Amino acid sequence: MRDDSPNSWEARADAHSFYGFTDLPSIAERGTVVLTHGEGPYVVDVHGRKYLDSNSGLWNMVAGFDHKGMAEAAKAQYDRFPGYHSLFGRMSDQTVMLSEKLIEVSPFKRGKVFYTNSGSEANDTMVKMLWFLGRSEGKPERRKILTRKNGYHGVTAVAASMTGKPYNEVFGLPLDGFIHLTCPHYWREGRKGETEAEFTARMGKELEDVIEREGADTIAAFVAEPVMGAGGVIPPSEGYFKTVALILKKHGIPLVADEVITGFGRTGSDWGCQAYDFIPDAIISSKNLTAGYFPMGAVILGPELADRLQAAVEEVEEFPHGFTASGHPVGCAVALKAIEVIMEGSDGAAPLIDNVRALTPKFEAEMARLAKHPHIGEARGKGLMGALEAVKDKATKTPFDGDLSVSERIANTCTDHGLICRPLGQAVVLCPAFVMIEPQMDEMFQKLEAALNKVFEEVV
Ligand code: PLP
């Protein structure tokens, strides 16, 4: 709870920090939780209070908050070569090694990588690559980007335009040419009497109709998260990506998988696209790429797009794009270590993805148990990402009155009891670190269940 003394951490945070994605009335009441360090999947605040972070930071601190190997990899690289770019014909040895490794562990096995500092910038970069390619291939009108409502792709002007959330209207976004299709959430979007297969077919038909209406030659790409994350952990309806991929292929439109959350094991597969059995033309990566130990994003181009872009750039001799910290050597060293830790096993420890797979049945069982609650409308997820959707009326799926702020209340109650979880719409989202162990998972679900019971008792 807030400490209002003038020099409190809460007051100091308020005085000089401009908050993003933060509900100001809630902060005014509760104060910012100021953190000093972490232990495994827990974080500790300035008052010494410990919280189990069920969201692993922002989906990304999958190796926990005190992984020695990760920190040592960063330190070793800081000592050796603490910073450089990857432009003008120079790049660090770590950057070369990471690109090799990323292609090796990607579903492509051949392709090219471009580095950014974030997932948003990776999405912007991808779109600029596609716009560049369109002009180079004599199709300057091939600029439109198809995404889905509720999809989240970041906050820079292009990535925010891709994002299918109404809050971007406050910025006058989306920009022209960004088209948001229906969210493939069968539970919420399915019509009365419509089977899941019929729903998926309707999603396919909508895509066909949009392509016909806009003209395939005007569409640069379809970009989708294999499982929507910030939209409220929404796995696609059965067969969705198979349907969509076929339609896109028929029209020659690239399919880009935004794997900022799903990449590197979150779903239990190496990549989210593998969990849903499709191969995209490019992958957008960030977050788990460095297990959150360094800000970094990457565009991973599959073979066809890589070849076409390479040919297009060779014609004009240069791709005029890049960030000061593109391919930062410390970021690359950290990412190499993260891949080892997550996918291969490191320093005698098993790969963390094994733990994701081992914990998933328990996670799913606990979610299914909580789904029986009279005010949980749906429990959904994939691997170690899940959401519980609160409803006023389970039978009609009627949400609670927005003014009740049900999911925020649940999250606040959890925080009061030492559990951080994230409200998204009327859902509460869980996305624990891959280092979590069973007793910690028990703690997470026990605290969440207690908060659900308390809040539903208050609001019903
Ligand atoms: N894409 C997806 C799927 C994301 O979940 C996010 C962030 O949550 C982004 C892109 C943007 O990444 P960043 O916040 O690093 O810019």
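Values in this text are rule-based calculations from the coordinates and carry no lab data. Note that this is a predicted model, so its numbers are computed, not measured. Here Cβ is always computed from backbone atoms with ideal geometry, including for glycine, and neighbour counts include all displayed protein chains.
Evaluate E = 1/(1 + (r/R0)^6) for His47 and Glu198, where r is the Cβ-Cβ distance and R0 equals 60 Å; express this FRET efficiency to the nearest 0.05.
Numbers: r = 53 Å, r/R0 = 0.89.
Computed FRET efficiency for His47 and Glu198 comes out at 0.65.
Treat each spin label as a single point 7 Å out from the Cα along the C-beta direction, and report the Lys250 to Asp442 distance in nm.
Between Lys250 and Asp442, the label points sit 5.3 nm apart.
Arrange the following residues from fewest to most other Cβ atoms within 10 Å of their Cβ: Leu175, Leu255, Leu98. Let's see the in-between values first.
Values: Leu175 14, Leu255 22, Leu98 27.
Final ranking by Cβ density, sparse to dense: Leu175, Leu255, Leu98.
What are the residues whose amide H is under 5 Å from the amide H of Ala221, where those residues sit 5 or more places off or on another chain and H is modelled from the backbone?
Residues meeting the amide H criterion: Leu146.
What does the helix-only formula give at 222 nm for the chain: each DSSP H stretch with n ≥ 4 adding -39500 (n - 2.57), the total divided by the residues, and the result rounded to the nearest 500 deg cm²/dmol?
Details: 16 runs with 186 residues, N = 460.
Calculated at 222 nm, the ellipticity per residue is -12500 deg cm²/dmol.
Taking a quarter of the surface of the convex hull around the Cα atoms of segment 70-344, what do you get in nm²?
On the way: hull surface 57.8 nm².
For segment 70-344, averaging the hull's shadow over all directions gives 14.5 nm².
Hey, fewest Cβ within 10 Å first, where do Glu378, Glu449 land in order?
On the way: Glu378 20, Glu449 15.
Arranged by neighbour count, lowest to highest, Glu378, Glu449 become Glu449, Glu378.
With 10 angstrom as the radius, rank Met97, Met126, Met343 by how many other C-beta atoms surround their C-beta, starting from the fewest. Working shown, then result.
Numbers: Met97 14, Met126 30, Met343 18.
Ascending Cβ contact count within 10 Å gives the list Met97, Met343, Met126.
Among DSSP beta bridges lying fully in segment 70-344, give the percent that are antiparallel, nearest 5.
45
Can you compute 3J(HN,Hα) from phi for each residue in segment 416-433, using the Karplus curve 6.51 cos²θ - 1.76 cosθ + 1.60 with θ = phi - 60°, rounded to whole Hz and x for Gly and Pro?
4, 10, x, 10, 9, 9, 10, x, 9, x, 9, 9, 10, 10, 10, 7, x, 5
By the gyration tensor of its Cα atoms, with a ≥ b ≥ c the square roots of the eigenvalues, what is the shape of segment 193-340: rounded for a/c under 1.5, prolate for a/b over b/c, or oblate? Please report the intermediate quantities before stating the final value.
Values: a/c = 2.61, a/b = 1.30, b/c = 2.01.
Here segment 193-340 falls in the oblate category.
Could you give the distance between the Cα centres of segment 227-257 and segment 376-393, to the whole Å?
21
Place a point 7 Å from the Cα of Val460 along the Cα-to-Cβ direction; which residues of segment 382-402 have their backbone N under 17 Å from it?
Inside the label zone: 388-401.
What does the highest-first list of 315-324, 277-286 look like by mean Cβ count within 10 Å?
Numbers: 315-324: 11.5, 277-286: 24.5.
Sorting 315-324, 277-286 by mean packing, highest first, produces 277-286, 315-324.
Expressed as a fraction of 2.2 N^0.38 Å, the rule-of-thumb size for a compact globular protein of N residues, what is the C-alpha radius of gyration of the chain? Write out the running numbers ahead of the final one.
Details: Rg = 22.1 Å, N = 460, 2.2 N^0.38 = 22.6 Å.
The reported ratio for this selection is 0.98.
Pairs to check: Lys192/Lys397; Lys68/Lys362; Lys68/Lys101; Lys101/Lys287. Give those whose C-alpha atoms are more than 20 Å from each other in this structure. Present the calculation step by step, with values, prior to reporting the outcome.
On the way: Lys192/Lys397 12 Å; Lys68/Lys362 27 Å; Lys68/Lys101 22 Å; Lys101/Lys287 17 Å.
Over 20 Å Cα-Cα: Lys68/Lys362; Lys68/Lys101.
With a sphere of radius 9 Å drawn around the Cβ of Ile179, what net charge do the other residues whose Cβ falls strictly inside it have (Lys, Arg +1; Asp, Glu -1)?
With Lys, Arg at +1 and Asp, Glu at -1, the neighbours total 0.
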